[in-house]
1. Restricting attention to the stretch 469-487, which residues are touching a residue at least 60 places away in the same chain (Cβ under 8 Å), buried (at least 18 other Cβ atoms within 10 Å of the Cβ) and farther than 23 Å from Pro425 by Cα?
2. Might you let me know whether the stretch 690-699 holds any residue that is of a type in the set (A, V, I, L, M, F, W, C) and surrounded by 16 or more Cβ atoms within 10 Å (Cβ to Cβ)?
3. Name the single residue that is farthest from the chain's Cα centre (by Cα) among those in the stretch 694-709 being over 12 Å from Ser610 (Cβ atoms) and of a type in the set (A, V, I, L, M).
4. Cβ contacts < 7 Å: first residue aromatic (Phe, Trp, Tyr), restricted to the stretch 660-681; second residue assigned to a loop (DSSP other than H, G, I, E, B) and modelled with pLDDT under 95, any location; separation 6+ or different chain. Result?
5. Which residues, counting only those in the stretch 170-183, are exposed (fewer than 14 other Cβ atoms within 10 Å of the Cβ) and not hydrophobic (A, V, I, L, M, F, W, C)?
6. If you scan the stretch 562-594, which residues turn out to be part of a loop (DSSP other than H, G, I, E, B) and out of contact with any Pro (no Cβ under 9 Å at 6 or more places or on another chain)?
7. Quick one: which strands (runs of 3 or more DSSP E) lie wholly within the stretch 180-254 and hold at least 3 residues that are aliphatic (A, V, I, L, M)?
8. Take the conditions of a type outside the set (A, V, I, L, M) and part of a strand (DSSP E or B) and apply them to Arg634. Does it pass?
Amino acid sequence: MTKYPQAALLLTLLSGCSIYDIKQLVALPDTALLIRQHDDGHNTLDAVVARDTATHLNGVRVNPEQVPVTDSHSLAIKKNAPPISPIVTLEQAQKTLIQYVADVEEQPDRIEKLSAAAERLAQQYPDDALLQSLWQRLSRYSGWQPVNSIINSAGIDFVSIKGWQPESPFIRIRRALLPPVAETEQIIFADQRLVLFMNNLSAVTLQIDARLDDVPFLPESPTQLIYQIDENPTQSLSLVDKADWRRFTLAIPTGEHIVRFYQQQPVGNQYIKLRFDEAGVALSVAQERPYFVSTTDAPFEFYSQGPAVLRIDELTNGNVSYRYQNVTDGWQTIRLPPTDGKPRSLFRVSQRVVNLKPEAPRNRVVQRELIPVPAPTMLLKDPVMSKKVALIDTFKLGEQEDGTLSAGLDVVRRNNQQESGATLPLEQFIQHRVNYRYFDEPNDVYWNTLGFFRVREHGNPSFGMDEAAYYNPDWLPFTVRSNAKVIAQVPDKQLEWLAQWNISIAQAYNLHPKTRLIPSLSYFARAMSLRNSLRVRADPNFKLKVDQDVFTPYKADHTQGLTPALTLEHKPWLDTVWSTKVSVGSNENLAITRPDHFATETHWQQLLGSVELDASYRMTFYQVDADRTTSSKRSYAGLGLNWQHWTSYQDRLEANLQYSYDLERRVNLGTLSFTYHFGEGRGLRDFAPNEIDFRDIRVRQIENEQNNVMRDIN
C-alpha cells in the first residue's frame with residue numbers, strides 16, 4: 001500500500017441518499033475505507049484512511065438525477081404535515097405509559113403502534129422521573145434509522161468533522177463523562193463494528209494500537225477486542241481498564257480485503273480506542289459526514305410512514321442541534337425548508353423503527369455495603385396500658401381558635417409630626433390599651449381591634465377604638481390594608497370627636513433574592529367636630545387641652561388625601577434590614593401634580609438576640625399653598641429598641657422604647673411601651689405580616705416546653 005488517492009466518495013454508504021436504488025461501488029485501488037457498522041445492518045461512512053491528508057469534500061453537492069438509477073416501487077401518498085399531539089395531564093401520561101410498558105413486554109409486536117405515542121408523552125414531560133424511566137424501558141424495543149424515501153433536496157454536502165462526534169443525543173451526554181478522544185483515534189462504542197475496506201497493490205503490514213477507556217467511578221470490566229480479516233477465523237485481544245496502549249500487527253495480502261473490529265461483550269459507558277499505523281507512519285484520518293441541503297427554491301422533502309417520530313439534526317456554524325417531529329398514521333410528506341429565514345440549511349433525518357428482539361441491557365451494578373448503625377441508647381417508656389388516664393390541658397382545647405388578646409401600657413411624650421408651624425405644643429399622656437387579633441384563615445384576613453384610654457397631662461382624658469384589617473388572598477395581585485378609628489374627648493364641657501378611614505394597597509417586586517421594591521398607594525378621609533369651631537380661636541390654651549388625635553390645624557385643613565410611595569428594602573443578612581422610602585402627599589383636591597408635601601425616611605433594623613434596634617431618619621418638606629404662606633421642613637432622627645420574650649406557656653412579653661429628636665425645634669420626644677400577649681398556643685398566627693419584624697427568627701424563639709399531656713392515674 002504505497003500510494004493513496006486524496007479522496008474517495010462512496011454513494012453506497014450514504015444511507016438515505018434518495019428514493020432510488022443506487023448501484024453499489026467498491027473501494028478504489030490502493031485505498032482504505034473505514035466504515036462504522038451497526039447491528040441493524042446500517043452502515044455509516046466515517047473516514048477515509050490514507051497516508052496523505054484526505055481532501056475534505058466540504059461543499060460537494062451530489063445531484064441524484066445525474067446518477068444512474070432504477071425506479072423504486074415503494075408506495076407513497078402525499079399528505080400535509082401532522083398536527084401537534086394533544087396535551088394531557090401528568091397523571092394521565094404516567095398511567096398511559098405504564099399500560100404501554102405492560103402491553104409491549106407481554107407482546108413486543110405492539111411497540112409498532114405504541115412507540116410514537118409513548119415518545120410524545122416522554123417529550124411532553126421531560127422533568128418527570130417516573131415518566132422518563134418508563135420511556136427508557138420502552139425505548140429498548142426501538143432504534144434510529146436514517147430516512148431513505150427522499151423526494152427532493154438541493155443536493156448533499158460532505159462536512160468534515162474532527163475526532164469522535166457521535167450523532168445520538170444520548171451518546172453525546174455520555175461522552176462528557178468519558179476521557180477525551182484524540183482526532184487520530186477511532187472509537188468502538190457499545191455494539192458498533194468498525195470495518196476497514198482495503199484494496200492493496202502490494203502486501204501491507206498494518207500496526208494497530210488498542211486501548212480500553214471507561215468511566216472512572218464504575219467497577220472495572222475487562223473486555224475482548226475481536227478482529228477478523230475477510231472470512232478467516234476471528235482473533236481476540238484482552239484489554240483492561242487503566243492499562244496502556246496494546247499494539248498488534250496484521251499482515252494484509254495484495255488485493256481487496258475487509259478487516260472487522262468489534263467488542264465481544266460490550267457494557268454501558270465503555271469504549272475501545274484504535275489507532276492505525278502502516279510502515280511506521282501514522283495514517284491520517286479525515287472524517288466526513290453527509291448532510292442534505294435545503295434551500296428556499298429546493299427544500300428538503302421526504303416520505304415517512306407513521307405513526308412515527310423523526311429526529312432532525314441540523315448543522316449550523318459547526319454546531320449540531322436536534323429536534324423531534326411526530327408523524328401521524330399513514331404515509332406523510334415531510335418538508336424541511338431552511339430555518340430562521342436562512343438561504344440554506346443542512347439536515348440529517350432519522351426515524352425511530354421497531355426492534356422486536358432487543359438485547360438485555362448490560363449495565364454494571366455497583367454493590368454498596370451498608371454501614372451498620374449502633375442500637376439506640378435511649379430507652380423508650382412503656383406505653384400506657386391503663387384504662388384510666390388524666391388529660392392535662394396546658395392549652396385548653398378550643399381556645400386556640402379564639403384569637404390573641406394583648407394588654408399594654410404606653411408612656412408618651414410627642415408633638416404632632418404633621419404640623420408645619422414654627423411652634424408646636426407638646427403633649428404627654430399615659431395610655432392603657434387592649435388589642436384583640438384574629439386571623440380569619442378561610443378568607444385570608446388578619447383583624448386587629450384596639451381600644452384605648454388616655455390620661456393626659458393637660459386636659460381631660462380621651463378614649464377611642466381602631467379596627468384594622470390586612471387582606472392578601474392568593475387571587476389578588478396586591479396587598480390591601482385598611483383601618484377605621486374613632487377618638488373622642490371632652491376638652492371642657494362638650495364631647496369632641498374625630499373619625500378617620502385609611503386604605504392602602506401595595507405590591508412587592510423581588511429585584512434580587514435579598515432586595516425588593518414595594519410601590520404603594522394610600523388614601524385617607526376624616527371628619528371631625530372641631531373643624532369649623534370658634535372655640536379653637538377664642539381660647540389660646542385650647543390646643544393644650546385637646547388631644548392631638550382629636551384636633552390639629554393640619555387635620556382640619558386636610559380632610560382627605562392621597563399618598564403614593566415607593567419603598568426599597570434590602571436584606572443582606574437574615575437579621576438585618578436596610579430600607580428607604582419616598583412619598584408624596586396631596587392636598588384635599590387629590591392633585592398629585594401639586595402636592596402638599598414630599599417625605600422621605602431611611603431605616604436600619606438590626607436584630608441582636610431578642611432585641612431589635614431601629615435607627616432612622618425622616619424628613620418632610622411642606623410646600624407653599626392656600627393654607628401655608630411659607631414652606632417649611634420637619635426632620636427627625638430616631639432610635640428604637642424592641643425586646644421580646646416568650647414564656648414557657650407561649651405567652652409573649654414585649655417592651656418597646658422609641659426615641660426621636662426634632663432637629664428643627666431641638667425637642668426630645670419618646671414613647672415607652674409594655675405589652676403582654678396571651679398566646680394560648682397560637683404563637684404569631686394572629687399577627688399580620690407587617691406587624692412583626694424578623695418573623696422567621698422570632699418564630700424559632702418560641703418556647704415549646706409545655707404541651708398537653710396524658711398520664712396514668714393508677
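1. Tyr470, Arg481
2. So far as the stretch 690-699 goes, yes, one or more of its residues are of a type in the set (A, V, I, L, M, F, W, C) and surrounded by 16 or more Cβ atoms within 10 Å (Cβ to Cβ).
3. Here the answer is Val709.
4. Tyr676/Asp651; Phe678/Asp651
5. Correct list: Arg172, Pro179, Pro180, Glu183.
6. Correct list: Leu574, Asp575, Glu588, Asn589, Leu590, Ala591, Thr593, Arg594.
7. 193-200, 204-214, 223-229, 246-252
8. Judged against the criteria, Arg634 is a match.
The values are calculated or read from the model by the stated rules, or taken from the named source; none is laboratory data. The structure presented is a predicted model; accordingly, all values stated were derived computationally and were not measured. Cβ atoms come from the backbone with ideal geometry, glycine included; neighbour counts cover every protein chain shown.
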